[in-house]
Amino acid sequence: MAPVLLLWLAVCLSGTWAVDRGNFKTCDQSAFCKRQRALKPGQSPYRALLETLELTNTRLTLQLINDNNKVRLLLELYRLQGNMTRVKINELKPLKPRYEVPDVLIQEPPTEPMSLLSQDENGVVLSLGAESQRVIVSARPFRLDIMEGREVLMSVNSRGLLAFEHLRMRKDTLFHCSPVLYQAVNEEEEKVEDGMWEETFKSHSDSKPNGPSAVSLDFSLPGVEHVYGIPEHADTLKLKTTDGGDPYRLYNLDVFQYELYNPMALYGAVPVMLAHNAQRTTGIFWLNAAETWVDISSNTAGKTVFGKMLDYVQGSSETPQTDVRWISESGIIDVFVMLGPKPQDVFSQYASLTGTQAFPPLSALAYHQCRWNYNDQEDVQAVDAGFDQHDIPYDFIWLDIEHTDGKRYFTWDPHNYPTPLIYIFLTFFSFIHQQMVAIVDPHIKVDSNYKIHNEIRSRGYYIKNKDGGDYEGWCWPGNAGYPDFTNPEMRAWWASMFAYDQYEGSMENLYTWNDMNEPSVFNGPEVTMHKDAVHGAWEHRDLHNLYGFYVQMATAEGLVQRSGGVERPFVLTRAFFAGSQRYGAVWTGDNAAEWDHLKISIPMCLSLGLVGVSFCGADVGGFFKTPSSELLVRWYQTGAYQPFFRAHAHLDTPRREPWLFGPENTALIREAVRQRYALLPYWYQLFYHAYRTGHPVMRPLWVEYPQDTATFAMDDQFLIGEDLLVHPVTEEGARGITAYLPGKGEVWFDVHTFQKHNGAQNLYVPVTMSSIPVYQRGGSIIPRKIRVRRSSTCMEHDPYTLYVALSPQRTAEGELYIDDGHTFNFNKKEFIHRRLSFANNVLSSINLAPDAQFSTQSWIERILILGASKPSKVTLKTAGECLKCFFMFLYGKIIMLMFPNLDWSRHKRLYKRQTQARRQENWLSHCGTWRRERLRT
Amino acid sequence: MFCAYLLLLLGVGVSAVEVQRPRGVPLSKRQFYEENKPFTCLDGSRTIPFDRVNDDYCDCQDGSDEPGTAACPNGSFHCTNAGFRSAFIPSSRVNDGICDCCDTTDEYNSGATCQNTCRELGRKERESLQKMAEIAKEGFLLKQQLIHEAKRGLEEKQAKLEELQTSKKGMEEKVEALRTVKEAAEQPEKEAKERHLKAWEEQKALIRMEKDKAKMAEVFLELDEDADGFITVAELLSHSELDPDSDGSLTETEVQGLLGGADKVDTVAFETVWGNIKEKYISKTQADTPAPVETPQEEVREPVPDNDSEQYPEDDIPEEEEEEEEEEEDDDDPDEEDDKIPPTMRTQEKKEDDEGTMPPYDQETQNLIDAAQKARDEFDEAERALREVDDQIKSLEKEISFDYGPSAEFAYLYSQCYELSTSEYIYRLCPFNRVSQKPKYGGSETSLGTWGTWAGPEANVYSVMKYEHGTGCWQGPNRSTTVKLTCGKETIVTSTSEPSRCEYLMEFTTPAVCQEPPSLDPTLHEHEEL
C-alpha cells in the first residue's frame, strides 16, 4: 500500500507544478491522427479522372477516385486575385453535408481566370495568370505541382498522403436495417479499426455518430528549410521537424501550466504556415476548424516520389526540401496556397482572405495593470493611487472573475463592487482618463435566478449534448452552460447584452476580456467540450477551434453597438482562430514567472504576428509563481516593446505592483513604461498600418531581411515595424547581450545613446539592469511624444519629437499618423497621415491622404537628426516664407531643431510682456492643415 | 482664446498681493527668474534669453526653464494653493486635463474645468489636524503614563527577578542539603526494609512447607481408601490426570512407576511420591468445583479509559480543544489521574490477599522509614519550590527580553489580546505573541503568524510589527501579518485586510506611538505666501 500511495503523491505533486501531459492526447491517443499517420507515403490510391475535368473562366473541377474503395471526390481549383491558389476537395456525393468553415473569410475570395495550356492522358497543365505560373495536374496518382518558370514552388499530394475518410453508414446498425445493403457496403469497405465509431480517452467517451471523417493532405516545399506559423505553440519561431515525435497539434485547449518547447496544443489555433527561403516566401492556409495535426519533415528523399514529368526540373539531390502534412478530424480540405513572393506579399494575401488586425483604441496600446484579483473597489483605488504617487503611467486596470456576483458574468459582487459605486468610480476614472476591463467568460452559471442564464435557456441558445439536452459542464461558477456562439442569432443577442442599459455598471470606459473560451470545461475531455456536443446541424468536433473566435466576435460587436458604432472596441481573448485578428487582442495565456517563459514570449508573439494576429502579449511577470525582482524588471522591459503590454498575476501569488520592490526597481519599471508611452505614436501608426495591410507589427528579422539567412531562425530579438530592432535582456544576471544588426551597408542608432553601429554584424553590448537594447534603423524617421504623462489620453494634445536617423546615404523616411485615438471616424477620413522624408538635406512632409481632414492641437516641438554633420544654418519654409530656425548641434553628430509652441506661450505667460520679435508663424500648430512645408538645412 | 487671456489678466488683477514671477515658480526661487535678464538654468548648465522661460520648450536639462509648462520631462510645477498647503507636482501634470492643484493653476490651458477647493481642503485639513493633535496630545499623555508604568513595572520585575534569583540560589543549596539528608536517611531504611523482607520471605517459605505437608497428609488419607496406612497401585489408578505420558490411560505399570517401583507406599515413602504428583493431582472432592479464575484483571479494565471517550464522543470535540490554553489542559490532568488510581490499588490489595499480609514493620524499622519518608518529602518539596522559582525566572526573563520600544511604552501590550470582528472572521492580535483568525460561524482557528520583529522604516522602527510563520497556504507561503500602529487614545484593532494572498495587514491604534504634538500655532497652517 505504501509504495502506491507514494506514487500517487508524486503524480499529484508534479501535477501541481507542470502540465499534466496525461490530461492531453498524443497523436496515438487520437484515433484519427493515429490512423492517418499510419499511412505510408508513395501509395496514393487517388487518381484524377481527367475526363471529368471542367474549366470555366474562374474554376476548375475534376473528380478524383480512390481506387481502393471507388469513392469519388470532387476537386475544385481556383486562381485567386493577388497570387493565390485555392484547392478544395470534398466528397462528390457525401452521405450528408460536410462542415465548411463559415465567417472566417471576409468575403468569397475574388478569382482570376485560368486557362488550359496542355492536356494528355497523364495530366493537364493550367496557366495561373500572367506570371508564368502553371499548375500541373497529374492523374495517376493524383498530384498538383505549382510552378513558376522552371521552378516548382509547391507540390500537393506529392507524397501520396491525401486521405479522405468518406462518410458511411455504421455496419452494425446498418445490418439491422438492411442486410442486403450491409453486404454491399461491407464488400467495398476497408477494415474497421478501433476508434472509428467511438473513442474513449481517460473516463470520457466520444460517441462519433458520423464515424470516421478525417481528411489529410501533404505539401512539398522544394528549396525550403524554414517554416513558421501554425500558432499557438510554446515553441521556437522556426518550426521543428516532427519525425519521431508528435505532430504540432491545433486544438484549442486550456492547458494548466504549459510546458515550453513542445508541439502540444494551446489556447488558440491559426492553421497558417509560412515557408521561407532567400528567394521566396509562401504560405499555406488550411481552412479547417476541427482538431488538426501538422507533421513537418525535412528531407531530400521526398523527391523520389516526384512524378517523371517533373524530373527534368529537379535540381541536384542536395536541394533541401520540407514536407508538410495536415490532418484534420472532420470537415473538408480547403487550402489557400499563398505564393508571395515576398513576405509582405504573403501577409497581404492572407489579409485579403481573413481580414486585418483590428485598429485598437490608442490607449489599449499603452500599459495595462491586471491581477487575479483586485479585492474590491478600495483596492482598485489604492492601486490607481499607487501609480499616481509613483508617477508610473498606466491606462487600464483589469478586473478578473472575482469582481462578479458568484462568477455570473455581467454582474458585480454586491459587497466588493456594488454597482452604484462602480458608476461613481468609472465616472471618476473617465475624469482622470483611465479605463477599466472586466472579464466576461462564455460559461454561464446554471442558476434560475440569473437573468443571462434564463434568457439563453429560454431562447434555446445553449449548445446541446448528444442527447439533445443543454450541454452542461464545470467551470468557475460550478455547473455551467455554454452558449452556442456559432449561431448568429445568439451572437446578436449576446452583443445586445453589452448595451449600457443591459450591462449594469458598464460605461464607455469599461471594456471586455473573454477568457476560458477554448471553451474550458473542467470536467470535460482534455478540459474542453465533448466533441459530440451539438451546435445546430453540426457537431462540436467540426468547429471546435472556432468557438473562441465567435465569442470574441460577438463581444466586440457588442462594444461597437453600445456606442452606436462610434467607438472602437477593445476585447482580449485567450482562444482564437484564423480571422481573430479582426476582433481585438490575444495573450499567450497562463504562463509562469520563469526566465524561459519570458524568452518564449518572443517567438510566441512573432508566430502570431506572422499569421495576422499582431495584437499579442504575454503576462508581464508571469501568471503562475512569483518572479524575482530582476525577472520582473526584465519582463517589464521586454513587455514595453511587445504589442500588448499587460502585467498579470495569479490569485495565490504575492502582490507585485511596480512599486513593491524598492525604489530602484520602481524606477527601472517606471523608465520601461515611460519608454513605451514615448513611443506610442509609432506603435499607433504601426497598428494603423497593420489595420490597413495586415503586416505584422512585431516582426522577425527575416521579414525585413529576407535574404539574410543568419536571421531565419532568430527569435531572441525582433523588429517593431521595420525601423526598431529590440533585443530584450532575457537572461538572469546578464552582463551583456549579442545583438545581430542586419543589413549590409546599413547603420543602426542606439535609441538611448544615439551611437551609430554598422549593419550586418553581431554587436556585443554590455548591459546593466537599466538596459533595454533598442536600435533605430538608419534611414528611418520615428515620431515620439517625450512628454510622458499619467496616461496616453493625457498626452493627446502633446507635441511630437521626430527622430530622424540618417542612412549612410543621408536619407530617411517615416510617417506620422494622427486621429482622435478612439472612434471609427478615421473611416470618415478624419485623420492626418503624412510621409516624412529627408533627402538632399531637406526634410519634407507629404500628405498621404489629401482628402482627409483632422485638426489636432499637437505640434512638432523638436526634430533630432541623427548621423548628420553640422549645418551652417537651418531654415523653415512654410507657405512660401523662409525663416531662420533655432538649432543646436550636439555631440558632433546630432542636429536638434527646436520649435517652441509660440502660438500660446506668447499669450499664456503669467504676466504680460512683449516677446521679442520672433515672428515665425506657428507652422505646425495645425498639423491637419499642413501644406508642403520644408525645412532646409 | 482672447477671452481666456483676458480672464487670466483679470485673475492677476484680483490677487493683487501676488508677487510677479513666472508661472509655476515657488516664492523661494523667485530671485532666479529675473525679468529682462538672461536666465541661467538652475543646474548652471546653460544660459538662455529670458523669453525662453516658460515658452513651452524645454531648454534646461534640469527642467528649470519651464516651471509653468509641461515641456520638461523632469520638471516640477509649484502650486501656491492659497488656503491650503502649497505643493509641487510633476510638470507632466500641467494641462493634462486632470485637476491636481486645489487652486486650479495647473490646468490653465487644457479645457478642464477645475474648482478651487483649497479653502475647503484647508479647513478640512485643519480640522483633522486639530483632531489628530488632540488625539496625539491625549495619547501622548497616556503614553507618558504607560512609560511610567512600564518603567515601574520593569523595575518591579527586575527586582522580583533578582529576588527570585537570590532565593533560587538559597533554594538550590537547600535542595542539595536535603538531598544529602534524604540519602543519609534512606540507607538505613533500605537495609532495615531488606532485613524485614528477608525475615518475611523465610517465614513464608516455612508456612508454605507446612501447608504442603498438611496437604500431603490430607491427600494420603483421601487416597488411602481402605485406610490401611498404605497407598496401593489400585488406589492410585483412578487418578487418570496423573498419567505421565498423557496418552489418556493410566496403566498399572505407570502407577507403579509413580510409586517408585513399589506396589504400595506408606506415609514416609509417600513424601517422595507426593513430590512427583502434586502438580497434577486433582482431589476427587474438589474436582467438581471450578478452579478460581483470574478475575482481578478484568475488573481493572472496566472504569478507566472508556470513561473519557464516552463523555466526549470524537465528533463532538471541537478542534480548538487541542489548541486551547495550556492551563486548561492542566486542569484536565488531575481528573485523569484520579480515575487511574483506584484500580491499581485494588490489584495490589488482591495480590496481598492471596499471599497473606506481610507483618507490620517492627518499630525500629518503621522509625527508619518514617524518618526517610520525611526526608524525601522535604527534598521533593524543596525541589518543587526550586522548579517553580525557575519557571518564574524564565517567564520573567522572557517578558523582559522583548523590545518594548525606546521607553518600554509597548510593555503594557504584553500578555494582552485585542479582537476585531468582521463580517466573516474574528481576528485576534496578542502583541508579542501571535495573530490569529477564526471564522465566526464554526471552523478552526488559523494562525496568521507569531511574533517576529519590529519592522517599521528606519526612522520609525516601532510603527510596524511583523508576525510570521503562520499556518501555510496551499501552493503559497506561510501566513504572515503586518501590524501598522497609529496614534490613538485607545488600544484597538481598527481594521484588517489581506492585500496579498496570505499576507495580512492589521491597523492598530495605541497611545504608545503618539508623538508629542508640536505647539499649535494656528497661523502656521495658513499659507505662508498669503
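With the convex hull constructed from alpha-carbon coordinates only, the protein assembly as shown shows a mean projected area of 87.3 nm² over all directions.
The Rg/Rh ratio for the range B:411-513, using Cα coordinates for both the radius of gyration and the Kirkwood hydrodynamic radius, is 0.96. Shielding of peptide A:786-797 by partners, expressed as the average count of other chain Cβ atoms within 10 Å per residue Cβ, is 5.
Dividing the convex hull volume of the Cα atoms of the range A:72-143 by its residue count, what figure in Å³ per residue is obtained? Kindly include the intermediate steps, with their values, before the conclusion.
Values: hull volume 7.8 nm³, N = 72.
Each residue corresponds to 108 Å³ of Cα convex hull volume.
The radius of gyration of the Cα set in the range A:661-733, together with its Dmax, comes out at 15.1, 46 angstrom.
Rounded to the nearest 100 Å², what is the sum over both chains of accessible area buried where A meets B, with a probe of 1.4 Å?
Values: alone 35140 and 34960 Å², together 66100 Å².
In total, this chain pair buries about 4000 Å².
Counting charges near residue A:215 (Lys, Arg +1; Asp, Glu -1) among other residues having Cβ under 13 Å from its Cβ returns a value of -3. For the listed peptides B:446-459, A:818-831, a ranking on the average number of other beta carbons within 10 Å per residue, highest first, reads A:818-831, B:446-459. More than 24 angstrom separation, counting every C-alpha pair in the range B:48-191; what % is that? Distances greater than 24 Å cover 66 percent of the Cα pairs. The helix-based estimate of mean residue ellipticity at 222 nm for chain A, built from -39,500 (n - 2.57) per DSSP H run of four or more residues and divided by its residue count, is -6000 deg cm²/dmol to the nearest 500.
Taking the centroid of alpha carbons for each part, the range A:730-802 and the range A:253-274 are 31 Å apart.
Which order do the peptides A:685-694, B:139-148 come out in when sorted by mean C-beta neighbours inside 10 angstrom, highest first? Walk me through the numbers on the way to the answer.
Numbers: A:685-694: 20.9, B:139-148: 19.0.
Those peptides, ordered most packed to least, come out A:685-694, B:139-148.
Computed log10 I(q)/I(0) for the range B:235-280 at 0.24, 0.27, 0.30, 0.34 Å⁻¹: -0.84, -1.05, -1.25, -1.43, from the Debye equation with unit scatterers placed on every C-alpha and solvent omitted. Calculated translational diffusion coefficient of the range A:691-753 (20 °C, 1.002 mPa s; Stokes-Einstein with Kirkwood radius over alpha-carbon pairs) equals 165 µm²/s.
Quick check of the Kirkwood formula: for the range A:570-664, what is the inverse mean of 1/r over all pairs of different Cα atoms, in Å?
Values: mean 1/r = 0.0734 Å⁻¹.
Mean inverse Cα-Cα distance, inverted, gives 13.6 Å.
Just the number, please: Stokes-Einstein D of the range B:120-163 in µm²/s, Kirkwood Rh from C-alpha pairs, 37 °C, 0.692 mPa s. Intermediate values should be presented prior to the final figure.
Working: Rh = 12.6 Å.
D, rounded to a whole number, is 260 µm²/s.
If you take the charge dipole of the protein assembly as shown about its Cα centre, with +1 on Lys and Arg Cβ and -1 on Asp and Glu Cβ, which of A:609, B:441, B:393 is farthest toward its positive end? Of the candidates, A:609 comes out farthest on the positive side.
Counting Lys and Arg as +1 and Asp and Glu as -1 over every other residue whose Cβ lies under 10 Å from the Cβ of residue A:816, the net charge comes to +1.
I need the peptides B:151-161, A:286-296 ranked by packing, meaning the mean over residues of other C-beta atoms within 10 angstrom, with the highest value on top. Show your work: numbers first, answer last.
Working: B:151-161: 13.2, A:286-296: 25.5.
Top to bottom by mean Cβ count within 10 Å: A:286-296, B:151-161.
If the limit is 26 Å between Cα atoms, which of A:208/A:238; B:193/B:374; A:70/A:171; A:40/A:202 go over it?
On the way: A:208/A:238 36 Å; B:193/B:374 16 Å; A:70/A:171 18 Å; A:40/A:202 29 Å.
Listed pairs above 26 Å: A:208/A:238; A:40/A:202.
Dividing the alpha-carbon Rg of the range A:438-504 by 2.2 N^0.38 Å yields what?
Values: Rg = 11.7 Å, N = 67, 2.2 N^0.38 = 10.9 Å.
This ratio for the range A:438-504 stands at 1.08.
Within a straight-line Cα-Cα reach of under 19 Å, residue B:466 can be paired with the following lysines, leaving aside sequence neighbours fewer than 8 residues apart in one chain: B:398, B:484. Within chain A, the selection of entire DSSP H helices by a Cα span of 20 Å or greater along the long axis and an average Kyte-Doolittle value of at least 1.6 returns A:2-17.
Averaged over the residues of B:80-92, the number of partner chain Cβ atoms lying within 10 Å of the residue Cβ comes to 1. Here the range B:58-126 has an Rg and Dmax of 12.5, 40 Å, counting Cα atoms alone. With all protein chains kept in place, the per residue accessible area of the protein assembly as shown amounts to 45 square angstrom at a probe of 1.4 angstrom. Approximating the spin labels as points 7 Å out from Cα along Cα→Cβ, the residue A:523-to-residue A:835 distance works out to 6.3 nm. Computed from point charges on the beta carbon alone (+1 for Lys and Arg, -1 for Asp and Glu), the dipole magnitude for chain A about its Cα centre is near 3760 Debye. Shielding by partners for peptide A:854-862, expressed as the average number of C-beta atoms from other protein chains within 10 Å of each residue's C-beta, is 1. Pairwise alpha-carbon distances in the range B:202-247 exceed 12 Å for 69% of all pairs. Per the Cα gyration tensor, the range B:348-503 maps to an equivalent ellipsoid with semi-axes of 54, 24, 13 Å, ordered largest to smallest.
The values are calculated or read from the model by the stated rules, or taken from the named source; none is laboratory data. Quick caveat: nothing in here was measured; it's all calculated off a predicted structure. When we count neighbours, we look across all protein chains shown, and the Cβ atoms used for this are built from the backbone with ideal geometry, even at glycine. All accessible areas refer to the heavy atoms of the entire protein, side chains included, with ligands and DNA or RNA removed. Shrake-Rupley method; radii C 1.70, N 1.55, O 1.52, S 1.80 Å.
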